[in-house]
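Working notes for the structure below.
The values are calculated or read from the model by the stated rules, or taken from the named source; none is laboratory data. The shown structure was predicted, so the numbers you read here are calculated from the model rather than taken from an experiment. Here the Cβ positions follow ideal geometry from the backbone for every residue, glycine too, while neighbour counts run over all protein chains shown. To get the accessible areas, we keep the full protein, side chains included, count just its heavy atoms, and leave off ligands, DNA and RNA. Shrake-Rupley method; radii C 1.70, N 1.55, O 1.52, S 1.80 Å.
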Amino acid sequence: MATYIFYILGIIAVVATAMAITRRNPVHSIIYLVNSFFALAMLFYLLGAPLVAAWEVIIYAGAIMVLFLFIIMMLELSPGERADRQGPGPLQWLPVLLLGAALIGCTLLLLKLDPAGSQNIPTWYASPRDFGYVLFHEYALAIEIVSFQLLFAAVGAFYVGRAGGRKEAGGIK
Amino acid sequence: MPEWLLITLLILAKLGLVFFVLLTLAAYLVLAERKILGRMQLRPGPNRVGPFGLMQPLADVIKLLTKEDFIPDQADKWLFMLAPGLAAVTALLTFAVVPFGPPLTLFGHEVPLVVCDLNIGVLFFLGLSSLAVYGMTLGGWASNSKYALLGAIRGLSQLISYELSMGLALVPVVMLARSFSLNDIVMAQADVPFALVNPLAFLIFLISIVAESKRIPFDLPEAENELVAGFHTEYSGMRFGLFFVGEYINLIILGSMLTVFFLGGWMGPFLPGIVWFSIKVLLVCFFFIWVRGTLPRLRYDQLMHFGWKILLPLSLLNVILTGAFLLWRQG
Amino acid sequence: MIVPFEHLLVLASLLFFLGLMAVLVRRNLIMILIGVEIMLNAAGLVLVGASALWQQVDGQVLVIFLMALTSAEVSISLAMVVYLNHRKQTVDVRAFNELRG
Amino acid sequence: MNIWRDIKGTIQPFWITLRNMFRPTVTIQYPEQRAEISPRYRGRLILTRDPDGQERCVACHLCSAACPVDCISMQATEGEDGRRYAAWFRINFSRCIFCGLCTEACPTLAIQVTGDFELANRNPLETVWEKEELLVDHCGQEPDYNFYRHAGIGVVAGRGENPGEDKPVDVRDLMP
């Protein structure tokens, strides 16, 4: 059962991502991407990581993609007038597709060499309690570093937004 | 009857019950809101359709169903059609984790009165409430109208700002209950509801859910006298109806979340659990309507100032204080 | 048992290369950032899979750090996009081909 | 303290709205209950008649000139006996603002206001009232007034025969 769900979710994720990167309209690609993130979140749940699945939805689908949507809307790329109207043609796609195919081929060859690859993933479940224990005991220093980095990011975003906003009256808040 | 069939049937029955009750309650909440607002303004409210206007929701639904479904010319058609459904579905889904009563014993089985008791119920609620932004935003963007776009941008930034303090107000609750499951959180409030244990978190959560429900005094996304009707300006017929129903279902959901997290859920003396739960949720809904009848709308900069400079630091401080208190109590 | 670890790695690499292709081929700044997000997610999938394979929580912890870093990165880079859009009124990368801004 | 004032100002209105909830409503259930309108209410316009049953309106256009929204229009004509009257008279009640300026302007007290306010209609064209609908069979608020008895024109009675009116002066009489 879990095996089938894995493959279905994997196909959904890949197809949705492929649709997302080929759409001309950024808003459409964001919708497809949110779809793909949902599939990924369910994959995480399947692999025994309920907390990561929840955060995938809350942070990626609920915050980061919303931020993208916000920026697109603020830059006034309405349905009538699109940012890159023509989009990349087949001529631009061809070399990238070839490159991607080559890279995937290399990956497959490498996987063949690795003996760990053929191991099966067991059914496993990390309860939020275990997760929290490891996070706050073994990685306490890393949490401090990451929180500092979030602070720097907040200050940086504030500075960049303020500098951009000074030109126009009011600007972005 | 095999075990799995019974369990499936019970889950389906609970789903159907929740769905039916939620939709009916949402319809009658609209009527209740109009009635109560009317009484607060010294007028009787709708009283024409049926006795005391009790058939008004039915009349509204018939009106909405028979109206023309209008799609603007330059609109992004698919997203325009998708958005209202998204708004209603995200609101409905959240109720899956709400425990609305103590476990019942049916056919020798213990049936928990919750559609699905997830062990990460709090995160499920937060995730879905962060997805609720999409219905509104996409609806506003896809309409290709300036008022709808402005309403959508306003709503988007308002919702993601107040979601932070809402989530942070829930952290003390999780710390006190030592679980993400809503059932355990209700169980932890058997003696004292968390509203009395941690009144600051209660207050922050209350203000944040008023902002999350996009209602007065935080109804900037649909401020009628500035933005026509905000993000649903271009909607008509049942698509508008879905937005409308979604909003009221969202109200019930947020009310039941407040009940579960801070008012002790279905805990209460004498009466059965479901009755206590309904009384508490309806009281919270009345409070929402009361707020709407009382307070004026905030200005947009006041809203952002309040969210980021007052509510967010307060909720962070509250997390620290609760943690210190718990550590001190442990000794 | 769910699936062989290989299959998960193949899925993750497919997602990663799709993200890479988006970064390489798209000329819209926002789409390039989206490609980066896809690649980060693919990395997260590998981490969670490895965490399940060896039944250790550390992989999941790394994914949480990944998400925190990503949100920081996105907030900065989107602020930059807004800033660049203010300068040149476009988000096409071809407009930003000189060092002097 | 400013913040205490703010908190008080936020909490206090809740008590006021809650108190208002239990006060009796002031709504009048209109089709069943009727509002008691003031005797000086300015409602729908009518065209009244003389005490002797003739039309008062002399089609002088003063009401139409006084009307701020230009909702009155008419066509003047004259009868065999020298009596002026309106060939047609039209008031567009969908434009009328019920200000009553026309009644103040009317020299013959022909156009008058009534207490009627139920003018709602499904067809907008039916809110345009013609002379036949406007004209009533009574004198309205001034039952004794007859313009032609004061105007000095020999329409109702011969010249100089109205009460309080001198005989017409024969100018040739004064010839030296």
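Just a few scattered comments:
- All told, A:GLU81 meets the bar of being modelled with pLDDT under 80 and either within 20 Å of B:SER145 (Cβ to Cβ) or within 11 Å of chain B (Cβ to nearest Cβ) (or both).
- Segment A:122-153 - residue that is more than 7 Å from chain C (Cβ to nearest Cβ) and open to solvent by less than 70 Å² (accessible area, probe 1.4 Å) and, of those, farthest from B:ALA177 (Cα to Cα): A:SER147
- Note on segment C:75-101: residues that are at the interface with chain A (Cβ under 7 Å from one of its Cβ atoms) and farther than 13 Å from A:ILE59 by Cα amount to 11.
- Across segment B:31-52, the qualifying residues are those that are more than 25 Å from D:ILE16 (Cβ to Cβ) and more than 12 Å from chain D (Cβ to nearest Cβ), and the one among them that is most open to solvent (accessible area, probe 1.4 Å) is B:PHE52.
- Qualifying residue in segment D:96-106 (condition: part of a loop (DSSP other than H, G, I, E, B), in contact with a Ser or Thr (Cβ under 7 Å, 6 or more places away or on another chain) and within 24 Å of D:SER38 (Cα to Cα)): no
- The residue pairs whose first member lies in segment D:122-135 and is surrounded by 12 or more Cβ atoms within 10 Å (Cβ to Cβ), whose second member is at pLDDT below 85, and whose beta carbons are closer than 6 Å, counting only pairs six or more residues apart or on different chains, are D:THR127/D:ASN121.
- Every residue from segment A:22-55 that is at the interface with chain B (Cβ under 9 Å from one of its Cβ atoms), within 11 Å of the chain's Cα centre (by Cα) and free of Cβ contacts under 8 Å to residues at least 24 places away in the same chain: A:ALA41
- Matching residues in segment B:69-107 - criterion: being part of a strand (DSSP E or B) and either within 10 Å of chain A (Cβ to nearest Cβ) or in contact with a Leu (Cβ under 8 Å, 6 or more places away or on another chain) (or both): B:LEU104, B:LEU106
- Residue match in segment D:109-117 (condition: in a strand (DSSP E or B), in contact with a Cys (Cβ under 7 Å, 6 or more places away or on another chain) and in contact (Cβ under 8 Å) with a residue 24 or more places away in the chain): yes
- Of the residues C:ALA12, C:ALA72, C:ALA43, C:ALA68, the single one that is within 15 Å of the chain's Cα centre (by Cα), modelled with pLDDT of 85 or more, more than 7 Å from every other protein chain (Cβ to nearest Cβ) and surrounded by fewer than 23 Cβ atoms within 10 Å (Cβ to Cβ) is C:ALA43.
- Candidate set from segment B:232-262 (those that are of a type in the set (S, T, N, Q) and out of contact with any Phe, Trp or Tyr (no Cβ under 6 Å at 6 or more places or on another chain)); member that is farthest from B:LEU176 (Cα to Cα): B:ASN250
- The lone criterion from (1) modelled with pLDDT of 90 or more; (2) more than 7 Å from every other protein chain (Cβ to nearest Cβ) left unmet by C:VAL23 is number (1).
- Wholly enclosed helices (runs of 4 or more DSSP H) of segment B:236-331 bearing at least 1 residues closer than 23 Å to D:LEU18 by Cα and in contact (Cβ under 8 Å) with a residue 60 or more places away in the chain: B:237-262, B:273-294
- Each residue in segment D:118-132 was checked for being charged (D, E, K, R), part of a helix (DSSP H, G or I) and more than 19 Å from D:GLN75 (Cβ to Cβ), and 1 of them qualify.
- Only a single criterion out of (1) more than 30 Å from A:VAL155 (Cβ to Cβ); (2) of a type in the set (Asp, Glu); (3) more than 7 Å from chain A (Cβ to nearest Cβ) is not satisfied by C:GLU6, namely (3).
- Scanning segment D:146-176 for residues that are of a type outside the set (A, V, I, L, M, F, W, C), assigned to a loop (DSSP other than H, G, I, E, B) and in contact (Cβ under 8 Å) with a residue 40 or more places away in the chain gives D:ASN146, D:GLY154.
- Subset of segment B:150-203 that is over 25 Å from B:TRP308 (Cα atoms) and within 12 Å of chain A (Cβ to nearest Cβ) - its residue that is farthest from the chain's Cα centre (by Cα): B:ARG178
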